[in-house]
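The values are calculated or read from the model by the stated rules, or taken from the named source; none is laboratory data. Small disclaimer: the values here were computed from a predicted structure and weren't measured. Because the Cβ atoms are built from the backbone with ideal geometry, glycine has one as well, and the counts that use them run over all protein chains shown.
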Amino acid sequence: MSLSIFVIAACGLLGLLFGSFANVLVHRLPRGESIVFPGSRCPHCAHSIAWYDNIPVFSWLWLRGRCRHCDAGIAWRYPLMEAGLGAMWAGLAWHFSLSPELGLALTLSFLLWVLSWIDLETGYLLDVLTFPGIATGLLFAALFGDIHASLIGAVAGYAVFWLVARLFLLVTGREGMGQGDFKLLAMLGAFLGWQALPFVIFLSSFVGAVIGSIYLLLTRNSMRAEIPYGPYLAAAGLIWLVWGEPLLEWFTVSSRGLVQ
Ligand SMILES: [Zn+2]
């Protein structure tokens, strides 16, 4: 077995395990519960879950999505989150192979994964994730990358959204974005450098607007729907992480072509 296949398989398996940990974080962080104690419990009957019933994806399939003790259904979100992160980590390992960039990619994708699911469920992007995320992004840049681009990215990410929110409030009298969004963009700036920010802002707001309009059309909801923006920021950040360099090159070349 060649090294790269081994790395991809190992990251895929680790992704399943971290996906399982992500489930714990998504469930417990918004409730302010400890993420270590107690061990995994059935949310319905509170019976503790044995290790053999807690194997990512497989246990859910084996138990046909039901608790062994009380027979309550276990949401399909659990195996989906495990399989999703496993697939994402395997894909990132394939793309980056064994390198510091892979470490950065796995760390960032895990944080974005947990942040997005919590944002979808509660509408909050938690400081307990974004603040350590900003620090970790700066640390990666200090060790392996461009600390200046990372610092500027963190500060500019926060400042740009803060400014947009102030203007929005001034013009419409409504709160448009949450403070969590400022911090998430600061985190993306810290991990990816300031160069990523224009693309991330453009893509996330464009896709967010399209999906938001479709949602409004389908539901015919006359009330202003609260659609969390975090998952769009996260997705745009991941796209930049993987395809940022070719995108930047393509943009530079085509804009040069326009000027000539
Ligand atoms: Zn149960």
| field | Selection count, the range 151-181, where residues are part of a helix (DSSP H, G or I), surrounded by fewer than 18 Cβ atoms within 10 Å (Cβ to Cβ) and among the charged types (D, E, K, R) | value | 1
| request: Determine, yes or no, whether Ser2 is over 25 Å from the mean Cα position of the chain (by Cα), of a type in the set (Ser, Thr, Tyr) and within 16 Å of the ligand (Cβ to nearest atom). | output: no
| message | Any residue that is within 22 Å of Ser109 (Cα to Cα), assigned to a helix (DSSP H, G or I) and outside the structural domain of Trp117 (by TED's automatic domain parsing) - is there at least one of those in the range 46-56? | response | no
| Does Arg64 fit the bill of being within 16 Å of the ligand (Cβ to nearest atom) and free of Cβ contacts under 8 Å to residues at least 24 places away in the same chain? | yes
| task | Determine whether the range 216-229 contains at least one residue that is under 24 Å from Val26 (Cα atoms) and under 15 Å from the mean Cα position of the chain (by Cα). | result | yes
| request: Answer yes or no as to whether Phe21 is assigned to a loop (DSSP other than H, G, I, E, B) and at negative phi. | output: no
| Of residues in the range 57-113 being assigned to a loop (DSSP other than H, G, I, E, B) and of a type in the set (Val, Ile, Thr), the one farthest from Leu233 (Cα to Cα) | Ile74
| query | Does Leu80 satisfy the criteria of being outside the structural domain of Ala141 (by TED's automatic domain parsing), free of Cβ contacts under 8 Å to residues at least 24 places away in the same chain, away from the ligand (no atom under 16 Å from the Cβ) and within 25 Å of Leu29 (Cα to Cα)? | reply | yes
| query | Has the range 22-36 got any residue that is away from the ligand (no atom under 16 Å from the Cβ), small (Gly, Ala, Ser) and surrounded by 12 or more Cβ atoms within 10 Å (Cβ to Cβ)? | reply | yes
